[in-house]
1. Taking the condition of being in a loop (DSSP other than H, G, I, E, B), of a type in the set (G, A, S) and farther than 18 Å from L21 by Cα, how many residues in the stretch 61-101 meet it?
2. Among the residues in the stretch 45-53, are any under 19 Å from the mean Cα position of the chain (by Cα) and surrounded by fewer than 19 Cβ atoms within 10 Å (Cβ to Cβ)?
3. Considering the stretch 67-120 alone, what residues qualify as being polar (S, T, N, Q) and free of Cβ contacts under 8 Å to residues at least 40 places away in the same chain?
4. Taking the stretch 54-73 only, how many residues are surrounded by 12 or more Cβ atoms within 10 Å (Cβ to Cβ) and touching a Pro at 6+ places or on another chain (Cβ under 9 Å)?
5. Only residues that are assigned to a helix (DSSP H, G or I) and either in contact (Cβ under 8 Å) with a residue 60 or more places away in the chain or under 23 Å from V162 (Cα atoms) (or both): list them for the stretch 36-60, please.
6. Cβ-Cβ distance below 8 Å, separation of 6 or more or different chains: which pairs start in the stretch 198-221 with a residue that is part of a helix (DSSP H, G or I) and end on one that is among the acidic types (D, E) and at pLDDT below 95?
7. Hey, can you tell me all the residues within the stretch 80-125 that are of a type in the set (D, E, K, R) and either under 22 Å from G174 (Cα atoms) or in contact with a strand residue (DSSP E or B) (Cβ under 7 Å, 6 or more places away or on another chain) (or both)?
8. Kindly list the number of the only condition in (1) outside any helix (DSSP H, G or I); (2) crowded, with 19+ Cβ neighbours inside 10 Å that fails for I183.
Amino acid sequence: MALSLIASLDPVLLAIVARSLAVSATACALACLGGLLLGAWLGVSRFPGRHGLLTVLNTLLAVPSVLVGLVAYLLLSRSGPLGFLGWLFSFKAMVLAQALLVLPVATALTRQVIEDAEDAHGEQLQSLGAEKFLRGLLLCWDERLALFTVVIACFGRAISEVGAVMIVGGNIDGFTRVMTTAIALESSKGDLPLAVALGLILLAVVLLLNVGISLLRGLHTAQSKKPLGTIEASI
């Protein structure tokens, strides 16, 4: 039954998958836009209190998705500071929750990539006259394959979570139901064919993401063995 739902392109199945991909892709794009910039800045910057900030950032990596969902719910509820937007139990609310969840991941991973590159090439770039802002941009470009890996990992984190979107989205059929929340609901109802079909699709998406990460890591490893000529030529 599960395979027949996939093979027949069941409309309900396709709608849930499309909504899930749209929510996670939008949230990932927003979170990575801020996370890449903030992570690059942290990677090349040295200032008092930096270690404390990094400790907080690393702590946020382990925050459960249900807690992030609760924070988003409090922000968007009628009595919350963003209640006037009327986003609760909507597509926008789910995007906000997932973006909050993914932002620390994008920032922390980017910071590590750029900091490693700064340790390896920072002095060389400074000797060529590159200031901090320019170093950050050049290192981001040079480490673009590694940063693509960061983006893929963030998308995987977003699409596989269930707690945050269930709290702020309400799991409303036809409106805010995504793959993870639908699997949880349909399993509890005993509708296993739809739950299994969604599980197989979600597994396929995660598998493709991991294949993409492996390919990018291989390309990045090959690129990292080359000299830093592209950066030198840019200064």
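The values are calculated or read from the model by the stated rules, or taken from the named source; none is laboratory data. Quick caveat, the model's predicted, so the values are computed rather than measured. Because the Cβ atoms are built from the backbone with ideal geometry, glycine has one as well, and the counts that use them run over all protein chains shown.
1. Restricting attention to the stretch 61-101, the residues satisfying the condition of being in a loop (DSSP other than H, G, I, E, B) are 61-64, 77-82, 86-90.
Of the ones still in play, those that are also of a type in the set (G, A, S) are 62, 77, 79-80, 86, 90.
Now drop any that are not farther than 18 Å from L21 by Cα, which leaves 62, 77, 79-80, 86.
Within the stretch 61-101, residues that are in a loop (DSSP other than H, G, I, E, B), of a type in the set (G, A, S) and farther than 18 Å from L21 by Cα number 5.
2. Residues of the stretch 45-53 under 19 Å from the mean Cα position of the chain (by Cα): none.
There is no residue in the stretch 45-53 that is under 19 Å from the mean Cα position of the chain (by Cα) and surrounded by fewer than 19 Cβ atoms within 10 Å (Cβ to Cβ).
3. Filtering the stretch 67-120 for residues polar (S, T, N, Q) gives 77, 79, 90, 98, 107, 110, 112.
Residues satisfying the conditions are S77, S79.
4. We begin by selecting, within the stretch 54-73, every residue surrounded by 12 or more Cβ atoms within 10 Å (Cβ to Cβ); these are 54, 57-58, 60-61, 63-73.
After this cut, where a residue has to be touching a Pro at 6+ places or on another chain (Cβ under 9 Å) as well, the list is 57-58, 60-61, 63.
Residues that pass the stated criteria total 5.
5. Of all residues in the stretch 36-60, those assigned to a helix (DSSP H, G or I) come to 36-44, 50-60.
Matches in the stretch 36-60: L36, L38, G39, A40, W41, L42, G43, V44, L57, N58, T59, L60.
6. As it stands, the answer is L198/E186; H220/E143, since those pairs meet every condition given.
7. At the first step, the residues of the stretch 80-125 found to be of a type in the set (D, E, K, R) are 92, 111, 115-116, 118-119, 123.
Hit for the stretch 80-125 is K92, nothing else.
8. Here I183 meets the rest and fails (1).
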